[in-house]
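The values are calculated or read from the model by the stated rules, or taken from the named source; none is laboratory data. Just so we're clear, the structure is a prediction, and the values are computed from it rather than from any experiment. Heads up, the Cβs are rebuilt from the backbone with ideal geometry, glycines too, and the neighbour counts pull from every protein chain shown.
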Ligand SMILES: [Cu+2]
């Protein structure tokens with residue numbers, strides 16, 4: 001009885017002491033770890049974020065570069081004045097680049113005529129001042145244009161769209 005009552009408080013103290021030592025070691029570890037990891041993470045995040053911002057900035061620069069290129073395209077669209085009469089198209093040859101978009105304005109139209117390019121599925125009634133927009137095919141070649149009314153084509157209402 002004496003021994004056990006003497007040792008019990010010591011054992012209890014040892015346990016409490018061990019518990020204190022463990023808990024203080026834990027808090028020390030937490031205290032020392034937190035300041036080390038937190039700034040390192042925040043630095044890494046900010047550098048990642050700034051890297052993302054840089055990438056976004058690059059994309060924006062590229063897209064604005066494209067946007068500035070696009071408005072330049074419409075003025076590049078060439079207009080071709082095409083006269084027609086009894087029975088001709090003038091000029092009889094139009095040269096364009098592949099994929100080029102251009103307009104044809106029918107300047108002087110006398111009588112009822114049409115303008116057709118079969119390969120482009122282009123079929124239009126034409127009248128004075130009419131403007132049609134044409135996109136040249138991707139394949140270079142020679143594409144006939146003609147009027148399909150009566151014998152107009154055989155009478156001379158034809159020409160060729162040369163795609164280079
Ligand atoms: Cu015709």
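Quick notes on this structure:
- Residue 74 passes every criterion in (1) part of a strand (DSSP E or B); (2) modelled with pLDDT under 95 apart from (1).
- Residue that is surrounded by the most Cβ atoms within 10 Å (Cβ to Cβ) [pool: residues in the range 131-160 that are within 11 Å of the ligand (Cβ to nearest atom) and in a strand (DSSP E or B)]: 146
- Candidate set from the range 113-130 (those that are under 18 Å from residue 90 (Cβ atoms), within 16 Å of the ligand (Cβ to nearest atom) and not in a strand (DSSP E or B)); member that is modelled with the highest pLDDT: 130
- Sub-6 Å Cβ pairs linking a first residue in the range 139-164 that is free of Cβ contacts under 8 Å to residues at least 24 places away in the same chain and under 24 Å from residue 111 (Cα atoms) to a second residue that is assigned to a strand (DSSP E or B) and within 16 Å of the ligand (Cβ to nearest atom), at least 6 apart or interchain, are 153/146, ordered by first then second residue.
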